[in-house]
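Shown next, in structure tokens, is the structure this report addresses.
The values are calculated or read from the model by the stated rules, or taken from the named source; none is laboratory data. The model shown is predicted, which means the values in this text are computed figures rather than measured ones. Positions of Cβ are backbone-derived with ideal geometry, glycine not excepted, and every protein chain shown enters the neighbour counts. Side chains are part of the model used for accessible areas, which takes the heavy atoms of the whole protein and leaves out ligands, DNA and RNA. Shrake-Rupley method; radii C 1.70, N 1.55, O 1.52, S 1.80 Å.
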Amino acid sequence: MPTILAIESSCDDTSAAVMVDGEIRSNVVATQQVHEQYGGVVPELASRAHQQHLLPVVTAALHKAGVAKHNLDAVGFTQGPGLLGSLLVGGMFAKTLALALNKPLIAVNHMRAHILAHFIEEPRPAFPFLCLTVSGGHTQLVIVRSALDMEIIGQTIDDAAGEAFDKTAKQLGLPYPGGPHLDKLAREGNPTRFPFPVGAMPGYDFSFSGLKTAVMYFLKKEVAKNPDFVQENLPDLCASIQHTIIQTLLRQLRRAAHDHHLTHIALAGGVAANSGLRQALQDEAAVQNWQVFIPAFQYCTDNAGMIAMTAHFQYEAGDFATQLVSSDPRLKLV
Ligand code: KG4
Ligand code: ZN
């Protein structure tokens, strides 16, 4: 089996991982603190931070795995989706390294990788299964027929689930990213105290922008009456918002699983860390007779381990990126 170095740089985490014989030997992540003060990821700053972090992160990943560069069989990298500048930094690094080592290059789709993170460790779901990917940038329902055969059957038409957490948390004055803070406070609160609208979409799509707006108007009205409203009701507000997001996700998940007769249900992406969502999914599984799969936390948030896992599947399938031949017919080499 191949020894693969993988690089992830799609958003604000710089990560490198080494996979040997189908096992992750290292998965190094450098998170970028610089965005906290701005309350969101600033793309230009993200690209610059990737440039600073990439070489030390790759060096650490190789060192931790005990693998020398010349023993690599392939280099994998996140091709997209993601922030263009961030992707370019990781992509150019991977291309250059593969060229210098004369090893094949593997271009990985970030969303596919979030799903295939389920194959890094036991227990692994059996094909076909249904995966709900919930992150800061995406919300998707995907039927996974094999490692390389996936169909997106539903996705958000506006904000992602993680964005819904982060944007409503911001309105409550919580630090960025708000998801984990909101989760923690929600544990002490009443989830049915403030009823917010559940985004009801036809089919399997999602919508979260209505919730954001509803919370904004609700807070405006209540704060006008009592300036301390948010501070006095913070746990109940968090619990109610979280409850609404979870209901929105479960509604479509339940419908998709039922319609497609799927009982292996997988959760992927950073929002899979949410304690309320995990509990709600386990409760639903007991009712629906589902088997639920959630990767270890380090493989839920953005990480190069999942890129290495996906690159491994692509390597076995002979799916390599060609970097020596341009796909642009207008390119004239003289
Ligand atoms: O997958 P991820 O690390 O990056 C993207 O690809 O976007 O996901 C990050 C998102 C953020 O929106 C963050 O607030 C959210 O995951 N998140 C959570 C929790 N932990 C992370 N949201 C709710 N509850 C959590 N415990
Ligand atoms: Zn992601």
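Structural remarks
- Per residue accessible area of the range 1-130, 1.4 Å probe, in Å²: 44
- Efficiency of FRET between ARG255 and GLN282 - r from beta-carbon atoms, R0 25 angstrom, step 0.05: 0.85
- Fraction of alpha-carbon pairs over 21 Å apart in the range 125-294 - percent: 45
- Label zone at ASP158, where the point sits 7 Å out along the Cα-to-Cβ direction: the range 172-212 residues whose backbone N lies under 16 Å: 196-202, 205-212
- Lysine-lysine proximity count for the chain, Cα under 25 Å, sequence distance 8 or more or distinct chains: 21
- Computed from Cα atoms alone, the Kirkwood hydrodynamic radius reported for the range 171-212 is 12.4 Å.
- Accessible surface of the chain [probe 1.4 Å, protein heavy atoms]: carbon and sulfur percent: 54
- Residue among ARG112, ARG193, ARG251 with the largest mean-square fluctuation in a Gaussian network model of the chain, springs linking Cα atoms under 10 Å: ARG193
- Our coupling estimate for the range 213-220, obtained by passing each phi through the Karplus curve with A = 6.51, B = -1.76, C = 1.60 and θ = phi - 60°, is 5, 4, 5, 4, 5, 4, 5, 4 Hz, Gly and Pro reported as x.
- Between GLN37 and GLU23, the contour length at 0.36 nm per residue exceeds the Cα-Cα span by 1.3 nm.
- Filtered GluC sites (Glu not before Pro), the range 109-198: DSSP coil and at most 11 other beta carbons within 10 Å: GLU188
- The mean sequence distance of close C-alpha pairs (under 8 Å, at least 6 residues apart), as a share of the length of the chain, puts its relative contact order at 22 percent.
- Selection from ALA200, ILE246, LEU262 lying farthest towards where the dipole of the chain points positive, charges on Cβ: ALA200
- Largest GNM mean-square fluctuation across HIS118, HIS312, HIS35, computed for the chain with C-alpha springs under 10 Å, falls on HIS35.
- The chain: projected area of the alpha-carbon convex hull, averaged over directions, in nm²: 18.8
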